[in-house]
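The values are calculated or read from the model by the stated rules, or taken from the named source; none is laboratory data. All values reported here derive from a predicted model rather than from experimental measurement. Here the Cβ is made from the backbone with ideal geometry for all residues, glycine too, and neighbour counts use every protein chain on show. When the accessible area is computed, the model is the full protein with side chains, heavy atoms only, and any ligands, DNA or RNA have been set aside. Shrake-Rupley method; radii C 1.70, N 1.55, O 1.52, S 1.80 Å.
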Amino acid sequence: MQLVRHSQQTLKTALISKNPVLVSQYEKLDAGEQRLMNEAFQPASDLFGPITLHSQSDWITSHPEAPQDFEQFFSDPYRKIPSPDKHSIYIQSIGSLGNTRIISEEYIKWLQGYCKAYFYGLRVKLLEPVPVSATKCSFRVNENTQNLQIHAGDILKFLKKKKPEDAFCIVGITMIDLYPRDSWNFVFGQASLTDGVGIFSFARYGSDFYSLRYEGKVKKLKKTSSSDYSIFDNYYIPEITSVLLLRSCKTLTHEIGHIFGLRHCQWLACLMQGSNHLEEADRRPLNLCPICLRKLQCAVGFGIVERYKALVQWIDDESAGTPGATPKHSREDNGNLPKPVEAFKEWKEWIIKCLAVLQK
């Protein structure tokens, strides 16, 4: 295992900058927020640690990129920020997300509630679910895994056409595996910063995807035309577990972070680290490091205390995606579907430690 460790001065400059204007902006932050962010360059910090590399196949080793500090983020001429008339994140589900309509509806509400807390201050709206056929995308059966896949680029074109007027961005989510081009095996997700669109698949986050007993293999491959989407009738959907929900929340917020202009983080252990495989994605924390947190705060304008409290409330409110919301189907199933948040326990404990620093 290898540690990616930067000097205190390097981290301090990456966070605060040497630009007098940006230094002045930092000094105007709430004292508690400065105290938390300053943990970035405290060697003994138990809140923010170095990135760990476990193999040559990890992202930083296999995809060399120039790191992005706060000043580079702030000065990026192509970076888009929400405005009063484009202040909403839209989520578009493609195909079923659960084995029943109720599970599908609740799952997307849980994701909506999480995004609402994570990007605190922005509106997060759900669009009516659409079947795969509505996207008119290309599709295939993966030669290696024998599972269904849909073309990510085609979905992005579909989403771009559907993007509402008040949207900062629109993101598609699906339980069907994605591929970006014929020569690629798969991709977890794909986003376009300039168009403000993204598509993310949670198909590989089920506990059995990489096992020999995976039930999503297409057992009888029938030849179909490019416009016959009947192959997607009753496709396999993994059980919505706490781990799958956590992985989904990670992917969704990481990829939306890219749409805000945050590049892959190379400073500290952070949600915005790149990941090449599921094991590396699982090591990545749910939290942003201080450098990426300052970037997102600059883009959205939230108070960090209020944002962290909203995240804790989302975890504590186990019955619905949005606190106080009542699902439309509650009369049908005599109660809300419990939200599986067991996997978020460490994340909640970490946030409470941060709140203690912020409110000292």
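Label positions at Ala343 and Arg101, each projected 7 Å from the Cα along the C-beta direction, are separated by 2.7 nm. Using the Cβ of Phe70 as centre and a radius below 13 Å, the other residues enclosed give a net charge of +3, where K and R count +1 and D and E count -1. Each of Ser133, Leu193, Leu122 was scored by the projection of its Cα onto the charge dipole of segment 88-256, and the greatest displacement toward the positive side belongs to Ser133; charges sit on the C-beta of Lys, Arg, Asp and Glu. Cβ-Cβ distance of Asp316 and Val243, R₀ of 25 Å, FRET efficiency by 1/(1 + (r/R0)^6): the value works out to about 0.85.
Nearest 0.05, what FRET efficiency do Lys360 and Gln8 give at R0 = 25 Å with Cβ-Cβ as r? Working shown, then result.
Working: r = 21 Å, r/R0 = 0.85.
Step by step, r from the Cβ atoms, then E = 0.75.
Here Lys217 and His54 are evaluated by their C-beta separation; at R0 = 25 Å the FRET efficiency comes out at 0.30. Here is the short version for the chain: Cys115, Cys137, Cys169, Cys249, Cys292, Cys298, Cys354 have no other Cys C-beta closer than 4.7 Å. Bridges between two residues of the chain, per DSSP, are antiparallel at a rate of about 40%. Considering only Asn234, Tyr214, Ser57, the residue lying farthest towards the positive end of the dipole of the chain is Asn234, judged by Cα position with unit charges set on Cβ. Among the protein heavy atoms of the chain, carbon and sulfur supply 51% of the accessible surface, probe 1.4 Å, non-protein parts ignored.
Centroid-to-centroid, using Cα positions, segment 12-44 and segment 232-302 are 23 Å apart. Quick one: Debye curve from the alpha-carbon atoms of segment 88-256 only, equal weights, vacuum; give me log10 I(q)/I(0) at q = 0.09, 0.19, 0.20 Å⁻¹ to two decimals. Rounded to two decimals, the profile gives -0.28, -1.31, -1.46.
Within the shell defined by Cβ-Cβ distances under 9 Å, the residues around Ala281 carry a net charge of +1, with Lys and Arg each +1 and Asp and Glu each -1. Annotation: aspartates and glutamates with alpha-carbon distance below 13 angstrom to Lys309 (same-chain offsets under eight excluded): Asp317, Glu349.
With +1 assigned to the C-beta of every Lys and Arg and -1 to the C-beta of every Asp and Glu, and no other charges, what is the dipole magnitude of segment 88-256 about the Cα centre in debye, to the nearest 20? Write out the running numbers ahead of the final one.
Numbers: 22 positive and 16 negative charges, 32 e Å.
Using Cβ point charges on Lys, Arg, Asp and Glu, segment 88-256 gives about 160 debye.
Go ahead and estimate [θ] at 222 nm for the chain from helices alone: -39,500 (n - 2.57) per DSSP H run with n ≥ 4, summed, over the residue count, rounded to 500. The helix contribution divided over the chain gives -10500 deg cm²/dmol. Taking label positions 7 Å along the Cα-Cβ direction at both Ser83 and Tyr210, the computed distance is 4.4 nm, reported to one decimal.
How large is the dipole of the chain about the Cα centre if only Lys and Arg carry +1 and Asp and Glu carry -1, each at its Cβ, rounded to the nearest 20 debye? Let's see the in-between values first.
Numbers: 44 positive and 39 negative charges, 108 e Å.
The calculated dipole for the chain is roughly 520 debye.
Looking at segment 88-256, the accessible area is 43 square angstrom per residue; that uses a 1.4 Å probe and ignores ligands, DNA and RNA.
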